[in-house]
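> Quick one: the structure is below, questions incoming.
Read-outs: derived from the displayed coordinates by stated rules, not from any lab. These numbers come from a predicted model, not from an experiment. Positions of Cβ are backbone-derived with ideal geometry, glycine not excepted, and every protein chain shown enters the neighbour counts.
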Amino acid sequence: MTDFTTNGPRMRSHHTKRGAEFHFYFAIIFLVAIPFATAGWLLDVFQRQTLNLHGPLARAWAEADRITPLIFSA
């Protein structure tokens with residue numbers, strides 16, 4: 001029987017340093033995404049009739065975090 005407790009799999013961290021240019025584009029995309037995220041959040045609140053949802057800032061942050069790396073991958 002194999003004992004995996006002594007030498008478990010190593011977790012690799014893929015931490016990349018994000019420079020000033022990345023933060024600049026992130027801030028612009030975040031600011032542009034806020035009105036659209038607010039409108040989408042309000043629509044979800046009225047449709048689902050609950051406030052147990054991610055707020056507009058969390059949605060805008062997620063959109064900026066999803067879109068900005070796409071700019072730098074091209």
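> If each of residue 74 and residue 28 carries a label point 7 Å out from its Cα toward its Cβ, how far apart are those two points in nm?
1.2
> For the pair residue 57 and residue 21, how long in nm is the line joining their label points, each one 7 Å along Cα→Cβ?
It is 3.0 nm.
> Starting from the Cα of residue 67, step 7 Å toward the Cβ, then list every residue of segment 21-36 with an amide N under 17 Å from that point.
Answer for segment 21-36: 22-36.
> Using the Karplus curve 6.51 cos²θ - 1.76 cosθ + 1.60 with θ = phi - 60°, work out ³J(HN,Hα) for each residue of segment 42-56 in order, rounded to whole Hz, and write x for Gly and Pro.
So the Karplus estimates, Gly and Pro as x, are 4, 4, 5, 4, 6, 6, 8, 6, 8, 9, 7, 9, 5, x, x Hz.
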